[in-house]
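A quick write-up on the structure given underneath.
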Amino acid sequence: TKYPILYSIQDMWPGSAVNSGVLRNKFIAKTFYIIQKIAYKFSDVLTVISEDMKRKVIEQKVEREKIFTVVNWFDDRSVKEVDWTENRFVIKYNLSRDKFYVQYAGTMGYVFDYKMVLSVADKLKSISDIEFQMIGQGSQKETFIKEAKNRGLDNIKFYPLEPQHMVSDVYSACSICLIPLKRGIIGNSVPSKAGLLMACNRTIVNSVDEDSDYYRLFNGNKIGISISNNNPTEVAKAIVNLYGDKNMRESLAQKGHEFGKKYYSRSVNTKKFVDIFYQMIGDK
């Protein structure tokens, strides 16, 4: 066309489906990879939401110069920590302030490693104060519920998906957040909830591939904790350490909060898109 094209990549398709095991037919996958390359070729600019995704796109033979990283941001005008006494999610479910809540809130689909949650919850079931909040819907939720019941894991509680206006209340209701991703997912897809949790001043524990930029980002900047998704024992250990060390928990949350304002906020990242648009117009 006579107009410049910007392709905003949110998930690497079909890579995310292949790596999560959803798409197993090699012929269909190959067809989608061909379509993907055509789309990349005829786009003037590609935006990705992480450095891991940028590396994946470069592996598809796309010129580095046409790829820009712009993360999925949180709206710093509205997303913020909500005090426990005013928290609508807390009030709705009459949550006890005496519990230590390990939360996952989002889609429980094929990229979500519910088996990691089961393993970690099983290891921590003797600590009665620790409770796992699983909030949301998804294709794996019913299987997840069934397996938790079969294993007698009463420390996992399930809640339905909350509406968008409850985001701040939901994330502010947890003590820490657990983001468990299956192996091979992180370069093809990125958890967008990280910035939201930082805005709500919550510590994040990631269960992800240890060779990813996302893994190093949290540990290197001390804005949370990343553990290999091959190691549920270490994930459980990290949760216990945060449970027992309030100062560590608050320090990681505060550093994450400051990092989030600097790198994940709306006010910062919309400017990046504006700059890209102006560059595209100038090039034409």
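Where a number appears in this text, it was derived from the coordinates with a stated rule and is not lab data. All values derive from a computational prediction rather than experimental measurement. All Cβ positions, glycine included, derive from the backbone under ideal geometry; neighbour counts span all protein chains shown.
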Worksheet item: Taking the Cα atoms only, what angle lies between the long axis of helix 246-263 and the longest principal axis of the chain, rounded to 10 degrees?
Response: 20 degrees
Discussion item. Can you give the FRET efficiency to the nearest 0.05 for GLU250 and GLN164, using r as the Cβ-Cβ distance and R₀ = 35 Å?
Written reply: 0.80
Worksheet item: With +1 on each Lys and Arg Cβ and -1 on each Asp and Glu Cβ, how big is the dipole of the chain about its Cα centre, in debye rounded to the nearest 20?
Response: 620 debye
Worksheet, complete the sentence: One can check that the equivalent ellipsoid of the range 89-147, built from the alpha-carbon gyration tensor with semi-axes equal to the square roots of five times its eigenvalues, has lengths in Å, largest first, of 21, 16, 8
Discussion item. Could you compute how fast the range 1-120 diffuses translationally, taking Rh as the Kirkwood radius over C-alpha pairs and applying Stokes-Einstein at 20 °C with viscosity 1.002 mPa s? Give it in µm² per second.
Written reply: 118 µm²/s
Practice prompt. Work out the charge dipole of the chain with +1 on the Cβ of Lys and Arg and -1 on the Cβ of Asp and Glu about the Cα centre, then indicate which of ASN155, MET248, GLN137 is farthest towards its positive end.
Written response: GLN137
Worksheet item: Given the rule -39500 (n - 2.57) for each run of at least 4 DSSP H residues, summed and divided by the residues of the chain, what is its mean residue ellipticity at 222 nm, to the nearest 500 deg cm²/dmol?
Response: -13500 deg cm²/dmol
Practice prompt. Return, ordered by residue number, the residues of the range 229-272 whose backbone nitrogen is under 17 Å from a label point located 7 Å along Cα→Cβ of LYS222.
Written response: 242, 245-260
Discussion item. Need the full-extension length gain, GLU59 to ASP11, defined as separation in residues times 0.36 nm minus the C-alpha distance. One decimal, nm.
Written reply: 15.8 nm
Worksheet item: Which of these values of Cα Rg over 2.2 N^0.38 Å was calculated from the structure shown: (1) 0.99; (2) 1.05; (3) 1.26?
Response: (2)
Discussion item. Assuming 0.36 nm per residue, please report the length gained on full extension of the stretch LYS262 to VAL22 beyond their Cα-Cα distance.
Written reply: 82.8 nm
Worksheet item: Could you work out Rg/(2.2 N^0.38 Å) for the range 49-146, with Rg from alpha carbons only?
Response: 1.50
Worksheet item: So which residue, out of SER265, SER139, SER119, gets the largest mean-square fluctuation from a GNM of the chain using Cα contacts under 10 Å as springs?
Response: SER139
Worksheet, complete the sentence: Scattering profile of the range 176-226 from the Debye formula, Cα beads only, expressed as log10 I(q)/I(0) at q = 0.17, 0.21, 0.31, 0.33 Å⁻¹, is -0.44, -0.68, -1.38, -1.47
Discussion item. Pick from VAL190, VAL18, VAL235 the residue whose mean-square fluctuation is largest in a GNM of the chain, springs joining Cα atoms under 10 Å.
Written reply: VAL18
Fill in: Residue with peak Gaussian network fluctuation, the chain [Cα springs, cutoff 10 Å], from PHE42, PHE158, PHE100
PHE42
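Please give the per residue volume of the convex hull enclosing the alpha carbon atoms of the range 177-267, rounded to a whole number of Å³. Don't skip to the end; give the middle numbers.
Details: hull volume 7.5 nm³, N = 91.
For the range 177-267, the hull spanned by Cα atoms encloses 83 Å³ per residue.
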Discussion item. Per 0.36 nm of contour for each residue apart, how much would the distance between LYS37 and GLU147 grow if the chain were fully extended, relative to their Cα-Cα spacing?
Written reply: 35.6 nm
Worksheet, complete the sentence: Taking Cα atoms, the helix 232-244 axis meets the longest principal axis of the chain at an angle in degrees (rounded to 10) of 60 degrees
Discussion item. I want to check the label-to-label distance for LYS30 and LYS272. Put each point 7 Å from Cα in the C-beta direction and report it in nm to one decimal.
Written reply: 3.6 nm
